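Okay, so here's the structure we're looking at.
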Amino acid sequence: AQSAVIQEVRRARLFDRPIAMLALEPQAGESEKALDRFTQEFREKLIRQYISAKAAERVSEHLRTCDILTQSKESFLALLPEMSREDARQIAKEMQADIRRNLKIDLKVGISMFPDDEVTAIGLIERAEAEKVEMESILVAASLALNNGHRHVNPTVATNLDSQSASQEAAPVVQ
C-alpha cells in the first residue's frame, strides 16, 4: 500500500495535480457501540448460515443424484433435469413439509420451467425468484385482508390468486 501511495504522489507531482491524504482513526468511545453492532451482525449472519446449511441438508434429501443444488444470495436453486412441472410442484411441497416439520421454518418456493417459461439459465433463475416473491406478496395481502375481518379478499388479490391458479401451467408457485 505504501508503494502505491508513493507512486501516486510521484504522479501528482509529475503532472502537477492535486492529491489529498486523509489520516483516519476510530475513537475509543465509539468502538464499544461498533463492537456491539458488529457482534450482533456477525451473530445474525452466523445464524442465517446455520439455518441455510440445515435447510440445504433437508432439501438435498429430496433430490436425485442428477439434480443440482446451489445457493444464490438468500435462496437455494435446485435444477431438476427431466422433471415435469407437476412433479417439481410435488417435490417442492414435500420439501416445504419437511423443512416445516424438522426445522420449524417456512420454505418459499418459486418454479420456472424450460422451455415453457424461459430459455436461458439466467431467465429461469430470475423467473423462479420473481414467482417466489410475487406469491409471497399475494399471500401476505390475502392474509392481511382475512385477518382484518374481511370475508372476501380484496378484488386485486383475488384476481391475482385466480390468475395465479389459472396460470399454474404457465408459472406455478408453491408456497
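The values are calculated or read from the model by the stated rules, or taken from the named source; none is laboratory data. The structure displayed is predicted, hence computed values, not measured ones. Backbone-built Cβ (ideal geometry, glycine too); neighbour counts: all protein chains shown. Heads up: the accessible areas ignore ligands, DNA and RNA and are worked out on the full protein's heavy atoms, side chains in. Shrake-Rupley method; radii C 1.70, N 1.55, O 1.52, S 1.80 Å.
Computed values, structure above
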{"read-out": "Nitroxide proxy distance, nm - points 7 Å out along Cα→Cβ at Ile51 and Arg64", "value": "3.2"}
{"read-out": "Two-site label geometry, Arg10 and Arg100: point separation in nm, points 7 Å out along Cα→Cβ", "value": "6.7"}
{"read-out": "In segment 1-102, the trypsin sites (Lys or Arg not before Pro) that fall in loop regions by DSSP, at most 13 other Cβ within 10 Å", "value": "Arg64, Lys73"}
{"read-out": "Charge tally in the Cβ shell below 12 Å around Ser52, where Lys, Arg are +1 and Asp, Glu are -1, Ser52 excluded", "value": "+3"}
{"read-out": "Cleavage-rule hits, chymotrypsin sites (Phe, Trp or Tyr not before Pro), segment 4-90, DSSP coil, Cβ neighbours within 10 Å at most 11", "value": "Phe15"}
{"read-out": "Probe 1.4 Å - accessible area at Leu46, Å² to nearest ten", "value": "90"}
{"read-out": "Fraction of the pair-distance distribution of segment 1-98 above 19 Å, Cα-Cα pairs, percent", "value": "67"}
{"read-out": "Segment 59-109: GluC sites (Glu not before Pro) in DSSP coil with no more than 14 other Cβ atoms inside 10 Å", "value": "Glu61, Glu74, Glu82"}
{"read-out": "At R0 = 41 Å, FRET efficiency that the Cβ-Cβ distance of Leu77 and Leu35 yields, to 0.05", "value": "0.70"}
